[in-house]
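Undergrad: The following block contains the structure, expressed as structure tokens.
A short reminder: the numbers here are calculations on the coordinates, not readings from a lab. Just so it is clear, the model here is predicted, and its values are computed rather than measured. All Cβ positions, even for glycine, are placed from backbone atoms using ideal geometry, and neighbour counts span all protein chains on display.
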Amino acid sequence: MAFNDSALVLKSINVDLDGSNYMYWCKTMTAIIKGMGLWKIITGESKKPGEKSSSDDAELWEKRNYNLISLIRLNCARGVVMCIGNSDSAKDV
């Protein structure tokens, strides 16, 4: 499945991570993110393009990174979101 920006607009799963359901939530989120072709951002294999890269490449990576952060936060209970912090990296969330 190719990456589709509109896929991130919707809440993707029917369960929020609340601390008691981590394994189910993790397996579900992993499948969704891999299906979107963005798993390498989560693992750190895909890093933000350096200064020598085109601004378009850097902009696209940044957009995908923040889309992943949003996707993760949207699928967490409020208390869990507060524990995640304000990371600017999907890998660190």
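Undergrad: May I ask for the longest run of the chain untouched by trypsin sites (Lys or Arg not before Pro) that are loop-located per DSSP and have at most 12 neighbouring C-beta atoms (other than their own) within 10 Å?
TA: 53-93
Undergrad: Taking the Cα centre as origin and putting +1 on Lys and Arg beta-carbons and -1 on Asp and Glu beta-carbons, what dipole magnitude results for the chain, to the nearest 20 debye?
TA: 240
Undergrad: List the residues, sorted by chain then number, that are 5 or more residues from Cys76 or on another chain and whose placed amide H is less than 5 Å from its amide H.
TA: Leu17
Undergrad: Right, here's the next one. Apply 1/(1 + (r/R0)^6) to the Cβ-Cβ distance of Lys34 and Lys91, taking R0 = 22 Å, and write down the FRET efficiency to the nearest 0.05. Mind dumping the intermediate values first?
TA: Numbers: r = 15 Å, r/R0 = 0.67.
It comes to 0.90.
Undergrad: Same structure, new question: Translational diffusion coefficient of the chain at 4 °C, 1.567 mPa s, Stokes-Einstein with Kirkwood Rh over Cα pairs, in µm²/s as a whole number. Walk me through the numbers on the way to the answer.
TA: Details: Rh = 13.9 Å.
Translational diffusion coefficient: 93 µm²/s.
Undergrad: Could you work out the helix-only [θ] at 222 nm for the chain, with each DSSP H run of four or more residues adding -39,500 (n - 2.57) and the total divided by the number of residues, to the nearest 500 deg cm²/dmol? Walk me through the intermediate numbers first.
TA: On the way: 4 runs with 46 residues, N = 93.
Rounded to the nearest 500, the figure is -15000 deg cm²/dmol.
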